[in-house]
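The values are calculated or read from the model by the stated rules, or taken from the named source; none is laboratory data. Predicted model, so just to flag it, every value in this text is computed and none were measured. Here Cβ is always computed from backbone atoms with ideal geometry, including for glycine, and neighbour counts include all displayed protein chains. The area values use the complete protein model at the heavy-atom level, side chains included, leaving out ligands, DNA and RNA. Shrake-Rupley method; radii C 1.70, N 1.55, O 1.52, S 1.80 Å.
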Amino acid sequence: MLTELNNHKTSFFICPEDSCTGCTACMNVCSHAAISFIPDEEGFLHPSVDKGRCVNCGLCKSVCPVNTPVSRYLPEEVYSGWSNDGQVRLCSSSGGAFSAIAISILNQRGIVFGCTLNADLEAVHVGIERVEDLYRLQGSKYVQSRVEDSYKLAKQNLKTGRKVLFSGTPCQIAGLRSYLHKNYDNLCTVDIICHGVPSPKIFN
């Protein structure tokens, strides 16, 4: 079923409502700031297009990973692992593998994007540049984060040659890769194993 993005704004459709994952690639790619995300009656975020700002360029449709699915490959090799640092494991949910990768990137003057809980206990994506701030991204949040402008910030850093680690749900990583529109050798992504996310309304 297609959704009308907002009755009092515009009837411009980006993707089917029941397929939208809220990855926000469409919002990040819009140079006219015409797209925002609003919760539906169950609390899930969906795109809303401001007809006063929209120029009907179609970029939001083309960048949506639902409309242009990313390429899928079978894994060439599979490893299991955990951090050798006992303190890191205590602060982590799954053995600290993400933390070990993040520390490596940060030690190379890179930037790491991941999910944190803000002062209002809202799950949001942020970028960190110091190992001392890694605690903000550790541990499970049990709700999908708001990516905000993290795709844009990641791209800005990638274009300067800086190493970037981006962690998120599989649909968020798909959104990032579709938004970037090209591969970067200095990009490392970590997507968690996801069985579906609860509504932020229920989490609240």
Two-site label geometry, Tyr142 and His181: point separation in nm, points 7 Å out along Cα→Cβ: 4.0
Quick check: the angle from helix 97-107's long axis to the longest principal axis of the chain, C-alpha only, nearest 10 degrees? 90
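Relative contact order for the chain using alpha-carbon pairs under 8 Å, separation at least 6, rounded to a whole percent?
20
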Enter the mean projected area of the convex hull around the alpha-carbon atoms of the range 55-130, in nm², rounded to one decimal. 9.1
Debye log10 I(q)/I(0) at q = 0.21, 0.24 Å⁻¹ for the range 88-155, Cα point scatterers: -0.90, -1.13
The simple spin-label model distance between Leu121 and Thr160, using points 7 Å out along Cα→Cβ, in nm, is 3.6
For the range 68-204, whose charge dipole is built from +1 on Lys and Arg Cβ atoms and -1 on Asp and Glu Cβ atoms, the candidate among Thr116, His181, Phe166 with its Cα farthest towards the positive end is His181
Given backbone amide H placed at 1.01 Å from N, residues whose amide H is under 5 Å from that of Thr21, ignoring those fewer than 5 places away on the same chain, are none
So if we plug the beta-carbon distance of Gln108 and Ser19 into 1/(1 + (r/R0)^6) with R0 = 45 Å, what FRET efficiency do we get, rounded to 0.05? 0.75
Per the charge dipole of the chain (beta-carbon charges, Lys/Arg positive, Asp/Glu negative, Cα centre), the residue among Ile105, Ser48, Gln156 reaching farthest to the positive end is Gln156
Can you quote the Å³ per residue value for the convex hull of the Cα atoms in the chain, rounded to an integer? 138
If a paramagnetic tag sat 7 Å from the Cα of Val131 along the Cα-Cβ line, which residues of the range 62-93 would have the backbone N under 18 Å from that point? 82-92
Using only helices, what value at 222 nm comes out for the chain when you add -39,500 (n - 2.57) per DSSP H run of length 4 or more and divide by the total residues, to the nearest 500 deg cm²/dmol? -6500 deg cm²/dmol
Quote the accessible area belonging to Asp40 in square angstrom, nearest 10, computed with a 1.4 Å probe and with ligands, DNA and RNA left uncounted. 50
